[in-house]
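A.B. asks: I have a structure here, written as structure tokens, and I will follow up with some questions on it.
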Amino acid sequence: MKDFFLSASVPLPERDSKFYANSDLLAIRNAVKSLIEIVLPVGTLTFGGHPAITPLISLYVREMSFKPSQVTVYQSQFFEKQFPEENERFVNLRVTPAGSDERKSLRIMRTEMIKSRKFDAAVFIGGMEGIIEEYKLFSKLHPNTPTLPIASTGAAARQIFDEGIFEPQWKDDLNYTTLFRRFFRPDL
């Protein structure tokens with residue numbers, strides 16, 4: 001069984017307009033759905049519970065009849081009062097200790113999450129500054145693990161792609177099922 005890491009979020013215009021301006025919300029949703037469809041039949045998925053992504057993953061896991069135990073959600077205790085109700089649907093909910101502020105709390109959560117296992121690959125979809133921080137931390141802790149910034153979702157994933165050396169098809173490809181199948185399940 002393979003272990004996959006997902007870093008994804010939906011940019012908010014009030015937080016940072018540069019990420020929101022080039023984000024594609026429909027592409028973010030479709031990429032998350034396609035990732036689940038392709039990776040859960042052969043493995044597990046770990047992600048940090050973003051308020052817009054957690055409900056999507058919960059919905060797709062149920063719709064596709066995957067086991068909730070195949071997904072591990074990390075949340076910081078700092079946000080406990082804002083946890084989405086979908087957290088309760090995941091068997092593997094990991095709540096990390098709160099730091100003295102939001103930034104430190106997120107750093108604790110991201111570090112515990114990314115150190116939690118030896119991942120076989122990481123996918124970066126949409127997002128804001130947190131996606132970039134997770135990419136840098138993941139690359140540092142798992143330097144030989146493939147990372148896939150899905151640039152066509154825009155936002156932080158696009159910035160990661162533009163600043164690195166990645167497969168050209170990740171830039172504009174909107175057929176996420178085929179893209180993930182080609183990369184993760186070439187046997188199909």
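The values are calculated or read from the model by the stated rules, or taken from the named source; none is laboratory data. Only a predicted model underlies this, so the values are computations on that prediction, with no experimental measurement involved. Please note: Cβ atoms are built from the backbone with ideal geometry, for glycine as well, and neighbour counts cover all protein chains shown. All accessible areas refer to the heavy atoms of the entire protein, side chains included, with ligands and DNA or RNA removed. Shrake-Rupley method; radii C 1.70, N 1.55, O 1.52, S 1.80 Å.
A.B. asks: From PHE184, PHE138, grab the single residue that is open to solvent by less than 90 Å² (accessible area, probe 1.4 Å) and modelled with pLDDT under 95.
C.D. replies: PHE184
A.B. asks: On the basis of being on the phi < 0 side of the Ramachandran plot and touching a His at 6+ places or on another chain (Cβ under 9 Å), does LYS118 make the cut?
C.D. replies: When the stated conditions are applied, LYS118 passes them.
A.B. asks: Of everything in segment 138-165, what is among the aromatic types (Phe, Trp, Tyr) and within 22 Å of LYS2 (Cα to Cα)? Give them in sequence order.
C.D. replies: PHE138 - this is the single residue of segment 138-165 that is among the aromatic types (Phe, Trp, Tyr) and within 22 Å of LYS2 (Cα to Cα).
A.B. asks: Does at least one position in segment 62-81 carry a residue that is of a type in the set (Phe, Trp, Tyr) and assigned to a helix (DSSP H, G or I)?
C.D. replies: Among the residues of segment 62-81, at least one is of a type in the set (Phe, Trp, Tyr) and assigned to a helix (DSSP H, G or I), which makes the answer yes.
A.B. asks: Only residues that are under 18 Å from VAL123 (Cβ atoms) and not in a strand (DSSP E or B): list them for segment 47-57, please.
C.D. replies: The answer is GLY49, HIS50, ALA52, ILE53, THR54, LEU56, ILE57.
A.B. asks: Here's another thing I want to ask about it. Restricting attention to segment 74-92, which residues are at pLDDT below 95, of a type in the set (Phe, Trp, Tyr) and open to solvent by less than 40 Å² (accessible area, probe 1.4 Å)?
C.D. replies: Within segment 74-92, PHE90 is the sole residue that qualifies.
A.B. asks: Do we find that ASP16 is acidic (Asp, Glu), under 24 Å from ALA155 (Cα atoms) and open to solvent by less than 60 Å² (accessible area, probe 1.4 Å) in this structure?
C.D. replies: yes
A.B. asks: Which condition number in (1) over 15 Å from the mean Cα position of the chain (by Cα); (2) modelled with pLDDT of 95 or more; (3) open to solvent by 60 Å² or more (accessible area, probe 1.4 Å) is the one that GLU133 fails?
C.D. replies: The number of the failed condition is (1).
A.B. asks: Going by what's in this entry, would VAL95 be described as in contact with a strand residue (DSSP E or B) (Cβ under 6 Å, 6 or more places away or on another chain) and open to solvent by 50 Å² or more (accessible area, probe 1.4 Å)?
C.D. replies: So VAL95 passes the test.
A.B. asks: Within segment 3-13, can you find the residues that are touching an Asp or Glu at 6+ places or on another chain (Cβ under 9 Å), crowded, with 21+ Cβ neighbours inside 10 Å and of a type outside the set (Phe, Trp, Tyr)?
C.D. replies: Matches in segment 3-13: SER7 only.
A.B. asks: Which of the residues that make up segment 23-33 are open to solvent by 10 Å² or more (accessible area, probe 1.4 Å), in contact (Cβ under 8 Å) with a residue 12 or more places away in the chain and either in a helix (DSSP H, G or I) or farther than 18 Å from TYR135 by Cβ (or both)?
C.D. replies: Within segment 23-33, ASP24, LEU25, ARG29, ASN30, LYS33 qualify.
A.B. asks: Somewhere in segment 108-126, is a residue free of Cβ contacts under 8 Å to residues at least 24 places away in the same chain, open to solvent by 20 Å² or more (accessible area, probe 1.4 Å) and among the small types (Gly, Ala, Ser)?
C.D. replies: no
A.B. asks: Here's something else I'd like to know. Give me the pairs, please: first residue somewhere in segment 54-73 and surrounded by 19 or more Cβ atoms within 10 Å (Cβ to Cβ), second residue anywhere and among the polar types (S, T, N, Q) and modelled with pLDDT under 90, beta-carbon distance under 6 Å, and either six or more positions apart or on two chains.
C.D. replies: Going by the 6 Å Cβ cut-off, there are no qualifying pairs.
A.B. asks: Among the residues of segment 153-172, how many are open to solvent by less than 30 Å² (accessible area, probe 1.4 Å) and either touching a His at 6+ places or on another chain (Cβ under 6 Å) or free of Cβ contacts under 8 Å to residues at least 24 places away in the same chain (or both)?
C.D. replies: Residues that pass the stated criteria total 2.
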